[in-house]
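Here the structure comes first, spelled out in structure tokens, and everything after it is commentary.
The values are calculated or read from the model by the stated rules, or taken from the named source; none is laboratory data. Just so you know, these numbers come straight off a predicted model, no measurement behind them. Backbone-built Cβ (ideal geometry, glycine too); neighbour counts: all protein chains shown. To get the accessible areas, we keep the full protein, side chains included, count just its heavy atoms, and leave off ligands, DNA and RNA. Shrake-Rupley method; radii C 1.70, N 1.55, O 1.52, S 1.80 Å.
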Amino acid sequence: MTRLARDPLYRRHRFPTEVIAHAVWLYLRFPLSLRMVEDLLAARGIIVSHQTVRLWVEKFGRHFADEIRRAAGRLGDKWHLDEVVISIGGKKLWLWRAVYHDGFVLDVLVQSRRDTKAAKRLMRKLVKRQGRSPRRMITDKLRSYGAAKRDIMPGVEHRSHKGLNNRAENSHQPTRRRERIMKGFKSARHLQCF
């Protein structure tokens with residue numbers, strides 16, 4: 001009897017790849033806690049602790065996100081950028097987010113400021129990761145976007161209007177749901193990983 005070759009990423013794990021993938025997918029796709037994922041798996045006869053699910057999410061979450069990004073193919077040329085304030089331990093942090101016009105999240109960045117320097121950092125990261133700049137960029141009325149765009153992406157059309165940026169505003173909803181369920185994020189690193 002021959003054994004099927006396993007992906008090296010899943011080597012030394014007791015559970016099959018499908019179980020790990022399903023647990024990570026449940027946690028990342030729906031606003032569930034680790035214990036809820038543990039209960040859902042237990043209902044299917046798979047006994048796993050919530051700590052194991054947490055470790056799987058930390059280890060394989062980025063891999064799944066990259067696979068989804070690869071499967072999406074070449075993304076369009078209209079980006080929506082937005083920022084939202086999140087309080088962690090009484091300290092204000094800004095969650096900057098870039099969203100493709102179909103709602104696909106391009107990138108997320110947690111920073112302690114909300115100025116031109118922070119907007120430039122987000123745009124540099126986006127251009128480096130995507131390998132190109134967009135044809136059009138849509139933001140809210142924050143002037144830092146315009147100043148950063150002039151330096152990083154001067155040839156890009158920029159539209160700044162509150163109503164046009166609903167795509168990015170709506171992309172913050174899963175973060176807010178997770179924040180309510182967990183009664184706040186514990187650290188900036190935790191928020192960035194989510």
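Somewhere in the stretch 78-91, is a residue closer than 24 Å to Ser33 by Cα and touching a His at 6+ places or on another chain (Cβ under 6 Å)?
Yes - at least one qualifying residue is present in the stretch 78-91.
Could you grab the pairs with beta carbons closer than 9 Å, sequence gap of 6+ or different chains, first residue in the stretch 137-160 and in contact (Cβ under 8 Å) with a residue 60 or more places away in the chain, second one open to solvent by 50 Å² or more (accessible area, probe 1.4 Å) and among the charged types (D, E, K, R)?
Ile138/Lys78; Ile138/Arg159; Ile138/Arg167
Go through Arg62, Arg29, Arg12, Arg6 for me and flag whichever is surrounded by fewer than 17 Cβ atoms within 10 Å (Cβ to Cβ), modelled with pLDDT under 85 and closer than 30 Å to Ser144 by Cα.
Arg62
Considering only residues that are out of contact with any helix residue (DSSP H, G or I) (no Cβ under 8 Å at 6 or more places or on another chain) and either in a loop (DSSP other than H, G, I, E, B) or open to solvent by 50 Å² or more (accessible area, probe 1.4 Å) (or both), which ones fall in the stretch 86-104?
As a first pass, look at the stretch 86-104 and keep what is out of contact with any helix residue (DSSP H, G or I) (no Cβ under 8 Å at 6 or more places or on another chain): 87, 89-92, 100, 102.
Correct list: Ser87, Gly89, Gly90, Lys91, Lys92, Asp102.
Just one of Arg114, Arg124 is in contact with a helix residue (DSSP H, G or I) (Cβ under 8 Å, 6 or more places away or on another chain), in a loop (DSSP other than H, G, I, E, B) and modelled with pLDDT of 85 or more; which is it?
Answer to the check: Arg114.
Kindly indicate the residue of the stretch 127-151 that is in contact with a Leu (Cβ under 9 Å, 6 or more places away or on another chain) and assigned to a helix (DSSP H, G or I) and also most open to solvent (accessible area, probe 1.4 Å) among those meeting that condition.
Arg129
Among all residue pairs at least 6 apart or on different chains, which show Cβ distances below 7 Å where the first residue, located in the stretch 23-45, is without any contact (Cβ under 8 Å) to a residue 60 or more places away in the chain and the second is open to solvent by 50 Å² or more (accessible area, probe 1.4 Å) and of a type outside the set (Gly, Ala, Ser)?
Between residues of the stretch 23-45 that are without any contact (Cβ under 8 Å) to a residue 60 or more places away in the chain and residues that are open to solvent by 50 Å² or more (accessible area, probe 1.4 Å) and of a type outside the set (Gly, Ala, Ser), the close pairs are Leu26/Leu40; Leu34/Arg54.
Being out of contact with any Lys or Arg (no Cβ under 8 Å at 6 or more places or on another chain) and either surrounded by 12 or more Cβ atoms within 10 Å (Cβ to Cβ) or modelled with pLDDT of 85 or more (or both): is that true of Gly45 here?
yes
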